[in-house]
Amino acid sequence: MCVAVTLLALLGLVLSQVYQKLLRKKMPALLNRDWKKQHVYMVQYPRCLTLPNLSPWSLKLEPWLRIADIPYTNIDSEFKKFSSKGQVPFVELNGRRIDYSNFIIEALKHEFGKTDLEPTDPKEQSLARAFSALAEEHLTWSLFALRSNTKNGLAFDASDDGLGRHYGTGLKRQIFNFVTGRVNKRLVTARANAQGMGRHSPDELHAIAKEDLKAISAFLGDKPYFGGDRPTTLDATMFGHLASLIYIPTPEGILKNCITVTYPNLGQFVDRIKEKYWPDWEETCRTMDMNAHHKKE
């Protein structure tokens, strides 16, 4: 028993070092050398059963591409393809790579003439900027911190509802479970602590997230979209982060309940985006198809 525990500990250390090296590994100039002009290639994590992607930023960028009506193809990162910043998603377009979701959107807006997806009024632009930061730099880190500092908080990732189906039932699955349970937990905890949210207790994190959701709900009001009658970049951003809170389990489902019951306009907003811009959501999750949307074109 002691030998087995020691071996697992050593394996965890080795895998942790390997994963860190993958994050720093220099990627080839292009993943897809046979690229089409004016076609986006989006690299992101594999699919899950309950939501298309575990990354809120992927859940932001993919619907943005759909709202903007920009042709794209997904590429599975296979947990070893990362941007120069060690992140996913990233994209390739016309033979060049673009990192970081906000930089990606900014570049694509100008490349494809989609600047109309931003408000024109300076005050509205300021509000969109502020609420985008609230979701991306505050609310979502509450989710990461909650998952990293509660028992079995990251167990979803390795489950069949998460990413476990990609690894079968044998030794490969056991290794994946170990990496997710030990290595990934350390990484997420370290990042949440560095960001600041990881230093709070679960009760404090729930209180913080609830106040964020209260503000976001008040800002949305009875409008169909944060942009008013039509979706904007802020709508894609909010969708990605709110959908993550709904579909990724958190302790006692408190945050999901806050979105779907306490502030139902937020839950209705997520459903509205799903129905209009992600009609293949269920098929995508069920089949784990990275490009189910191509069948709808």
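The values are calculated or read from the model by the stated rules, or taken from the named source; none is laboratory data. No experiment lies behind these values; they were computed from the predicted model shown. Here the Cβ is made from the backbone with ideal geometry for all residues, glycine too, and neighbour counts use every protein chain on show.
Could you figure out which of (1) assigned to a loop (DSSP other than H, G, I, E, B); (2) at negative phi; (3) at pLDDT below 95 isn't true of Leu51? Of the numbered conditions (1) assigned to a loop (DSSP other than H, G, I, E, B); (2) at negative phi; (3) at pLDDT below 95, the odd one out for Leu51 is (3).
Here is a yes/no grid of residues against (1) modelled with pLDDT under 95; (2) under 19 Å from Ile254 (Cα atoms):
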| site | (1), (2) |
| --- | --- |
| Lys123 | no, no |
| Ala130 | no, no |
| Glu136 | no, no |
| Thr140 | no, yes |
| Leu146 | yes, yes |
| Asn152 | yes, yes |
| Tyr167 | yes, no |
| Arg173 | yes, no |
| Ala190 | yes, no |
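Do we have any residue at all in region 115-129 that's in a strand (DSSP E or B), in contact with a Ser or Thr (Cβ under 8 Å, 6 or more places away or on another chain) and not small (Gly, Ala, Ser)? No, the conditions are met nowhere in region 115-129.
Check Ala107, Ala155 and return the single one that is farther than 17 Å from Ile70 by Cβ and not basic (Lys, Arg). Steps first, please.
Numbers: Ala107 fails: farther than 17 Å from Ile70 by Cβ.
Sole residue among the options that is farther than 17 Å from Ile70 by Cβ and not basic (Lys, Arg): Ala155.
Filtered by the rule that a residue be farther than 22 Å from Asn53 by Cβ, among the polar types (S, T, N, Q) and without any contact (Cβ under 8 Å) to a residue 24 or more places away in the chain, region 123-177 gives Gln125, Ser126, Thr169, Gln174.
What residue, among those in region 168-201 that are of a type in the set (Ser, Thr, Tyr) and part of a loop (DSSP other than H, G, I, E, B), is farthest from Ala133 (Cα to Cα)?
So, considering only residues that are of a type in the set (Ser, Thr, Tyr) and part of a loop (DSSP other than H, G, I, E, B), the one farthest from Ala133 (Cα to Cα) is Thr169.
How many residues are among the charged types (D, E, K, R) and assigned to a helix (DSSP H, G or I) if we restrict to region 54-91?
Residues of region 54-91 that are among the charged types (D, E, K, R), as a first pass: 60, 62, 66, 69, 76, 78, 80-81, 85.
In the following step, the residues that additionally are assigned to a helix (DSSP H, G or I) were identified as 60, 62, 66.
Number of matching residues: 3.
Of the residues making up region 270-283, those that are under 12 Å from Pro63 (Cβ atoms) and in a helix (DSSP H, G or I) are Val270, Arg272, Ile273, Lys274, Glu275, Lys276, Tyr277, Trp281. Contact map, region 286-297: first residue in a loop (DSSP other than H, G, I, E, B), second residue hydroxyl-bearing (Ser, Thr, Tyr) and at pLDDT below 90, Cβ cut-off under 7 Å, separation 6 or more or different chains; the map is empty. Within the option set Gly267, Gly253, being farther than 20 Å from Val43 by Cα, exposed (fewer than 15 other Cβ atoms within 10 Å of the Cβ) and among the small types (Gly, Ala, Ser) holds for one residue only, Gly253. Here Glu78 does not fit the description of being at pLDDT 95 or above and acidic (Asp, Glu). Among the residues of region 209-233, those identified as in contact (Cβ under 8 Å) with a residue 60 or more places away in the chain, under 22 Å from the mean Cα position of the chain (by Cα) and within 19 Å of Thr260 (Cβ to Cβ) are Ala209, Asp212, Leu213, Ala215, Ile216, Phe226.
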